[in-house]
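Contents: one structure, followed by commentary.
The values are calculated or read from the model by the stated rules, or taken from the named source; none is laboratory data. All figures in this text were calculated on a predicted structure; none of them were measured in a lab. All Cβ positions, glycine included, derive from the backbone under ideal geometry; neighbour counts span all protein chains shown.
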Amino acid sequence: MALDIFKITGPTTLAGTVKISGSKNAALPIMASAILAPGKTVLSGIPNLSDIEVMCLLMESLGCKTQTADGKITIDSTVIDKPFGDYEIVRKMRAGICILGPLLARCGKAEVSMPGGCAIGYRPVDIHLRGLKELGAKIELKNGYIVANANGGLKGANIFLGGAFGSSVLATANTLCAAVMAKGKTVIEYAACEPEITDLANCLVKMGAKISGIGSPQLTIHGVKNLNPVEYTVIPDRIEAGTFLAAAAITKGKLKLTNCRLEHLMAVVDKLRSMNVVVEESPDGCEVASNGQIKATDITTLPYPGFPTDLQAQFMAALCLAKGNSVITEKIFPDRFMHVAELSRMAADLRKEGPHVIVCGVEKLISAPVMASDLRASAALVLAAIAAHGETIINRVYHIDRGYDRIEEKLNAVGANIQRLAT
Ligand code: EPZ
């Protein structure tokens, strides 16, 4: 693993056009869904990220062949001879768990490693297992692996998929992928409504699945016997887009985002407007411009269509420079606050109280050596560093490479000063 660092000199004001890449979190479960359709599935709009490489590795370990070129991935799932998700691969990326439902549906059995620890807090898999059990799978936990069997075949069921923190994105993906080939009718209540789930459902429908209620918390599925491989383009990455919106806000800049779907960012745009930032829709995306000083605002993360947890850190960075005090409440991952201590090293005035952080706006952020801890926390540090006075060193930028396609190149093209250095 390359241990690159970023050297970021600030402050700079961003201006120009940024093309948003395809969505990582749509691409990963859609890649796994290729298991359901023997043959060659061709996916376009795939971002160039280390998480996507890990997913390719995982698919190959099952027996698939993968080929990547020009933002396209071809997954040949004609042969799946090892329905086994190895710990050595799954521990690198939790989304590896989304092979579980497709494998069970295709092979009648699956053994997938439990994902293990995560920097954003405890992330159980009970809802995934509940969904699959309701469809008739027998599930045991053995030596750190989820061992699932559906010898008698999967059968449609009425499934309530809510958990203590609301819906679950990848548990919905797993249950949906298993239900599309289960015998009879399945109703999933409390399905996640995130655009990435809608994208997965649309891809499954293109493969021949029968799903209604797509985009709503109630999905109705009529199982089919076979699915066919397809060509499909994944949606633009709403979290990458939201990160650039926050970048414009924190640097008092002006950006045009292309390949961006503003309808996936309504809660974010609403917050930006109350922060005194102007956001307007444009033909293939949007334009965002600072209107002077950022105003404080309160943010609570919620399942879609609420404000996404994956943008909480980046917006905290922006609110550090707001006039007034903001309260940020994390309702999806109550411990997802690794960035608080690092932002504080850059002279942010933050106070954490359980799942809340009180952000007292300061006049300026000051550079410091900081440590990237997880993907979105790292993005927040990049934004803070662009706006901070002086030279910030960010260590462990491999966390950023998991989810942002050439972030430094995109930011430098609109005026940032970021150097990637190998250590
Ligand atoms: C997806 O993770 C995303 N990952 C995450 O993106 C994102 O933060 C998260 O959804 C929430 O939006 C991918 O799509 C690959 P959840 P997922 O299950 O599906 C609890 C990023 O930065 N829960 O929707 O794993 C869970 O602890 C990442 O790109 C259970 O209790 O998240 C959390 O409180 C990180 N039991 C809540 O549900 C379960 O079995 C929502 O998590 C599953 C989840």
Among LEU104, LEU57, the single one that is in contact (Cβ under 8 Å) with a residue 40 or more places away in the chain and either on the phi < 0 side of the Ramachandran plot or not basic (Lys, Arg) (or both) is LEU104
Looking at LEU103, is it in contact with a helix residue (DSSP H, G or I) (Cβ under 7 Å, 6 or more places away or on another chain) and more than 15 Å from the ligand (Cβ to nearest atom)? yes
THR301 fails exactly one of (1) of a type in the set (S, T, N, Q); (2) touching a Phe, Trp or Tyr at 6+ places or on another chain (Cβ under 9 Å); (3) at positive phi, namely (3)
- Task: Inspect all residues belonging to segment 317-328 and state whether any of them is touching a Ser or Thr at 6+ places or on another chain (Cβ under 9 Å) and of a type in the set (Lys, Arg).
- Result: no
Just one listed residue, out of SER44, SER113, is more than 16 Å from the ligand (Cβ to nearest atom), assigned by TED's automatic domain parsing to the domain that holds VAL169 and of a type in the set (S, T, N, Q), and it is SER44
Checking GLY39, GLY16 in turn, the sole residue that is surrounded by fewer than 19 Cβ atoms within 10 Å (Cβ to Cβ), over 28 Å from ILE393 (Cα atoms), more than 18 Å from the chain's Cα centre (by Cα) and more than 16 Å from the ligand (Cβ to nearest atom) turns out to be GLY39
Residue set GLY390, GLY415, GLY403; condition out of contact with any Pro (no Cβ under 7 Å at 6 or more places or on another chain), within 15 Å of the ligand (Cβ to nearest atom) and either outside the structural domain of ILE120 (by TED's automatic domain parsing) or at pLDDT 95 or above (or both); output residue GLY403
The number of residues in segment 364-384 that are assigned to a loop (DSSP other than H, G, I, E, B), away from the ligand (no atom under 16 Å from the Cβ) and in contact (Cβ under 8 Å) with a residue 40 or more places away in the chain is 3
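For (1) surrounded by fewer than 24 Cβ atoms within 10 Å (Cβ to Cβ); (2) small (Gly, Ala, Ser); (3) under 23 Å from PRO47 (Cα atoms); (4) not assigned by TED's automatic domain parsing to the domain that holds VAL169, each residue gets a yes or a no:
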| residue | (1), (2), (3), (4) |
| --- | --- |
| THR309 | yes, no, yes, yes |
| ALA322 | yes, yes, no, yes |
| THR329 | yes, no, no, yes |
| LYS352 | yes, no, no, yes |
| LYS364 | yes, no, no, yes |
